[in-house]
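Colleague: Pasting a structure here, questions to come.
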Amino acid sequence: MAKAAKITAKKSTHFSEWYTQVVLRSELADYAPVKGCMVFREYSYAMWEKIQKYFDEQIKKTGHKNAYFPVFIPEKFLKKEAEHFKGFVPECAWVTVGGERTLKERLAVRPTSETIIYTMFRKWIRSWRDLPLKLNQWCNIVRWETRATKPFLRTREFLWQEGHTAHATVEDADTEAMEILRIYKNLMENLLAIPVLVGKKSELEKFAGALYTVTLEALMPDGKTLQMGTSHNLGQNFSKAFKIQFIGEDEKDHYVWTTSWGISTRLLGAIVMVHGDDKGLVLPPRIAPYQAVIIPIFYKEVERDTILNKARDVSDTLNQNGISATIDDRMEYTPGWKFNEWELKGVPVRIEIGPKDIKHNRVVAARRDTSERVEVTEDHLVSTIREILNAVQDNLFSRAREFLEANITAEELRRIQKGSEKKTWVHQGQLVLTHEVRRKDKRRDRRRNLFDSIK
Ligand code: 87F
């Protein structure tokens with residue numbers, strides 16, 4: 001029998017090694033045979049699909065549409081907004097040869113799509129009737145990392161969504177940036193069970209092409225914060241550089257106000273770090289590819305068919321009721337071996353079915369997060385498993401929130417408020433504003449209020 005993969009590094013003492021072991025051994029991902037790149041294996045891609053589905057539904061509800069733009073970006077486009085581009089040149093990968101010909105102008109492999117999208121916006125936007133224009137793109141991104149590869153966290157290619165919108169007024173762009181922030185926060189907290197702090201980046205840290213950048217950050221177990229997503233109000237910086245003008249209701253020409261925002265497959269790394277333990281992954285039920293794994297346990301051949309049939313019944317019932325379940329009926333592995341493997345893979349609930357359970361019309365359910373085991377009578381199968389899954393989801397979020405709150409002191413918050421920190425935060429829904437949006441017009445106060453309550 002194959003040796004069970006085991007995590008040998010401890011999360012508390014060898015965090016980085018622990019992370020890599022969990023990612024590889026749970027079969028979320030693997031290193032690719034190309035430097036700096038990774039393979040998103042089925043198990044992690046299924047999680048990315050759940051993030052996509054959730055976010056896609058939310059943005060469609062709020063009037064956004066998906067589109068797709070080229071992966072090649074001519075250098076001259078990137079040079080148009082010179083200020084934003086300066087710092088990023090070393091991170092670009094370039095195509096300089098096509099077939100056998102050296103290109104006249106090199107092409108960047110999409111590091112972000114503002115420049116190509118805004119080139120098209122200039123063509124498409126004519127009048128106030130064309131606004132707002134709210135597009136989103138799901139795609140891959142290339143940034144030429146030189147530091148050590150970390151699956152999901154630092155790779156030369158990754159997957160993301162990037163939203164790009166154009167509006168008639170700065171207020172509309174503010175509302176858009178905030179609306180997306182709210183969707184992101186809900187996704188992170190309700191789906192991934194990761195509490196986030198929302199805040200505005202300092203002038204130094206914001207995206208250079210932006211009026212302001214709002215960020216969602218989570219605290220990792222090693223004490224470092226991880227940027228989980230960003231939403232920018234790009235003001236008129238890009239519309240001026242790309243000459244995106246519209247004729248207003250006043251029949252005059254105006255530059256549009258744009259926003260851009262993104263979340264990436266880095267979120268999958270955050271799930272591993274925040275919830276995992278020394279046995280491996282611990283997945284929040286709402287993101288887990290399988291919410292329940294059924295393990296048939298039989299000691300004699302004669303028990304086999306009865307138990308396997310029961311396992312199939314249980315699996316069908318759960319799946320028909322919206323709980324994704326799978327049966328591990330492999331004959332070549334012992335139940336104990338399977339327990340370890342599915343713990344390593346972080347499945348929220350394990351359902352054991354043995355001869356005694358059959359006799360009593362019940363199954364045994366074991367929670368991955370607390371190791372608690374309970375007997376579940378068949379009559380209450382669906383409702384009880386549903387309750388357990390909800391309890392796991394809630395517990396993972398509470399645990400992470402307690403950790404965050406225990407590690408952000410009131411003193412630290414005050415320090416942040418005084419502005420000595422680089423970042424500003426929203427703490428428990430309250431934004432701690434330190435750096436003001438730099439706009440000196442009378443709209444400022446109204447705009448400022450927007451930041452005051454991000455729930
Ligand atoms: C690397 C190379 C070239 C980040 C880069 O945050 C350009 C860039 O513009 C670049 N790295 N950025 C900023 C990205 C801004 C913005 N784009 C849409 C986002 C979210 C999604």
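The values are calculated or read from the model by the stated rules, or taken from the named source; none is laboratory data. This one's a predicted model, so the numbers in the text were calculated from it and none came from an experiment. Neighbour counts are summed over all protein chains in view; Cβ atoms, including those assigned to glycine, are modelled from backbone coordinates with ideal geometry. Ligands, DNA and RNA are stripped out before the accessible areas are found, and what is left, the full protein with its side chains, is counted by its heavy atoms. Shrake-Rupley method; radii C 1.70, N 1.55, O 1.52, S 1.80 Å.
Colleague: Divide by every residue of the chain the summed helix terms, -39500 (n - 2.57) for each DSSP H run of at least 4, and state the resulting mean residue ellipticity at 222 nm, rounded to the nearest 500 deg cm²/dmol. Mind showing how you got there, number by number?
Modeller: Working: 14 runs with 163 residues, N = 455.
Value at 222 nm, helices only: -11000 deg cm²/dmol.
Colleague: Related question: Once the cut-off is 23 Å, how many percent of the Cα-Cα pairs in segment 60-153 end up in the long-distance tail?
Modeller: Details: 1691 of 4371 pairs.
So the portion of pairs separated by more than 23 Å is 39 percent.
Colleague: For segment 22-180, with all protein chains present and a 1.4 Å probe, just round the carbon and sulfur fraction of the accessible area to a whole percent.
Modeller: Values: 4430 of 8010 Å².
About 55 percent, which is the carbon plus sulfur part of the accessible surface.
Colleague: A follow-up question, please. Set the Förster distance to 56 Å, then compute FRET efficiency between THR146 and VAL374 from the Cβ-Cβ distance, nearest 0.05. It would help to have the intermediate numbers written out before the result.
Modeller: On the way: r = 50 Å, r/R0 = 0.90.
That pair, THR146 with VAL374, gives E of 0.65.
Colleague: How far, in degrees from 0 to 90, does helix 335-344 lean away from the longest principal axis of the Cα atoms of the chain, to the nearest 10?
Modeller: In the chain, helix 335-344 runs at an angle near 10 degrees to the longest axis.
Colleague: Could you work out how far helix 381-407 tilts from the main Cα principal axis of the chain, as a 0 to 90 degree angle to the nearest 10?
Modeller: 50 degrees
Colleague: Oh, and also: Kirkwood Rh and Cα-based Rg: tell me the resulting Rg over Rh for the chain, rounded to two decimals.
Modeller: We get a ratio of 1.03 for the chain.
Colleague: Looking at segment 324-414, which trypsin sites (Lys or Arg not before Pro) are in a loop (DSSP not H, G, I, E or B) and have at most 16 other Cβ atoms within 10 Å? Before the final figure, lay out the partial values.
Modeller: Working: sites: ARG330, LYS338, LYS345, ARG350, LYS356, LYS359, ARG362, ARG367, ARG368, ARG373, ARG386, ARG399, ARG401, ARG414; in loops: ARG330, LYS345, ARG368.
Taking segment 324-414 and a limit of 16 other Cβ atoms within 10 Å, the loop trypsin sites (Lys or Arg not before Pro) found are ARG330.
Colleague: How much net charge surrounds VAL374 when only the other residues with a Cβ under 14 Å from the Cβ of VAL374 are counted, with Lys and Arg +1 and Asp and Glu -1? Mind dumping the intermediate values first?
Modeller: Numbers: positive: ARG350, ARG362, ARG367, ARG368, ARG373, ARG386; negative: GLU352, ASP357, ASP369, GLU372, GLU375, GLU378, GLU387.
That works out to -1.
Colleague: Mind giving me the FRET efficiency for VAL95 and VAL39? R0 is 22 Å, r the Cβ-Cβ distance, nearest 0.05 is fine.
Modeller: Details: r = 23 Å, r/R0 = 1.04.
So, using R0 = 22 Å, E works out to roughly 0.45.
Colleague: Rounded, prolate or oblate for segment 97-210? Axes are the square roots of the Cα gyration tensor eigenvalues, ordered a ≥ b ≥ c, and the cut-off for rounded is a/c under 1.5. Mind showing how you got there, number by number?
Modeller: Numbers: a/c = 2.08, a/b = 1.11, b/c = 1.87.
Oblate.
Colleague: Using the reciprocal of the averaged 1/r over all distinct C-alpha pairs, how large is the Kirkwood radius of segment 295-364 in Å?
Modeller: Working: mean 1/r = 0.0799 Å⁻¹.
Result for segment 295-364 stands at 12.5 Å.
Colleague: Which of the lysines could a cross-linker bridge to LYS53, judged by Cα under 26 Å and excluding same-chain residues fewer than eight apart?
Modeller: LYS61, LYS65, LYS134, LYS150, LYS185, LYS345, LYS455
Colleague: Using a simple spin-label model with points 7 Å from Cα along the Cα→Cβ vector, what separation in nm is obtained for SER383 and TRP138?
Modeller: 3.6 nm
Colleague: Pull up all non-local amide H partners of ILE194: gap of 5 or more, or a different chain, and H-to-H distance under 5 Å with H placed in the peptide plane.
Modeller: Sorted by chain and number, the residues that satisfy this are GLU189.
Colleague: Here's another thing I want to ask about it. Can you give the FRET efficiency for TYR299 and TYR31, using 1/(1 + (r/R0)^6), R0 = 45 Å, r = Cβ-Cβ distance, to the nearest 0.05?
Modeller: Working: r = 41 Å, r/R0 = 0.91.
Efficiency at R0 = 45 Å is approximately 0.65.
Colleague: Are there chymotrypsin sites (Phe, Trp or Tyr not before Pro) in segment 58-117 that DSSP marks as loop and that have at most 12 other Cβ atoms within 10 Å, and which are they? The partial results should precede the final answer.
Modeller: Working: sites: TYR68, PHE72, PHE77, PHE85, PHE88, TRP94; in loops: TYR68, PHE88.
Hits after loop and neighbour filter: TYR68.
Colleague: Net charge near SER315, counting Lys/Arg +1 and Asp/Glu -1 over other residues with Cβ under 12 Å of its Cβ? Can you show the working numbers first?
Modeller: Numbers: positive: LYS310, ARG312; negative: ASP313, ASP316, ASP328, ASP329.
Within the 12 Å Cβ shell, the charges total -2.
Colleague: Which value, in Å², gives the accessible area per residue of the chain when a 1.4 Å probe is used on the protein heavy atoms?
Modeller: On the way: 21950 Å² over 455 residues.
So the chain comes to 48 Å² accessible per residue, rounded to a whole number.
Colleague: Then there is this: What residues qualify as long-range amide H neighbours of SER127, i.e. H under 5 Å apart, gap of 5 or more or another chain, H built at 1.01 Å from N?
Modeller: Excluding prolines and chain starts, which carry no amide H, the hits are ILE247.
Colleague: Can you check what the net charge comes to around PRO355, using other residues whose Cβ is under 13 Å from the Cβ of PRO355 (Lys, Arg +1; Asp, Glu -1)? Intermediate results must be reported in sequence, preceding the final value.
Modeller: On the way: positive: LYS300, ARG304, LYS310, LYS356, LYS359, ARG362; negative: GLU301, GLU303, ASP305, GLU352, ASP357.
Result for the local shell: +1.
Colleague: Sticking with this one: Would you pull out the residues with amide H under 5 Å of ALA29's amide H, same chain only if 5 or more places away, H placed 1.01 Å from N?
Modeller: Close amide H contacts, sequence-distant or interchain: ARG41.
Colleague: Here is a further query. Output wanted: per-residue J couplings in Hz (rounded whole) for segment 105-113, from phi through Karplus 6.51 cos²θ - 1.76 cosθ + 1.60, θ = phi - 60°, x for Gly and Pro.
Modeller: Result, rounded to whole Hz: 10, 6, 10, 7, 8, 2, x, 3, 10.
Colleague: Expressed as a whole percent, how much of the Cα-Cα distance distribution for segment 157-298 exceeds 24 Å?
Modeller: Working: 4346 of 10011 pairs.
Counting every Cα pair in segment 157-298, those more than 24 Å apart make up 43 percent.
Colleague: Tell me the carbon and sulfur percent of the accessible area for segment 185-236, rounded to whole percent, probe radius 1.4 Å. Mind dumping the intermediate values first?
Modeller: Numbers: 630 of 1330 Å².
Carbon plus sulfur share of accessible area: 48 percent.
Colleague: Still on this structure, I have one more. Let me check I have the definition right: for segment 257-301, take the eigenvalues of the Cα gyration tensor, multiply each by 5, take square roots. What are those semi-axes in whole Å, largest first?
Modeller: Values: eigenvalues 279, 38, 9 Å².
After scaling each eigenvalue by five and taking roots: 37, 14, 7 Å.
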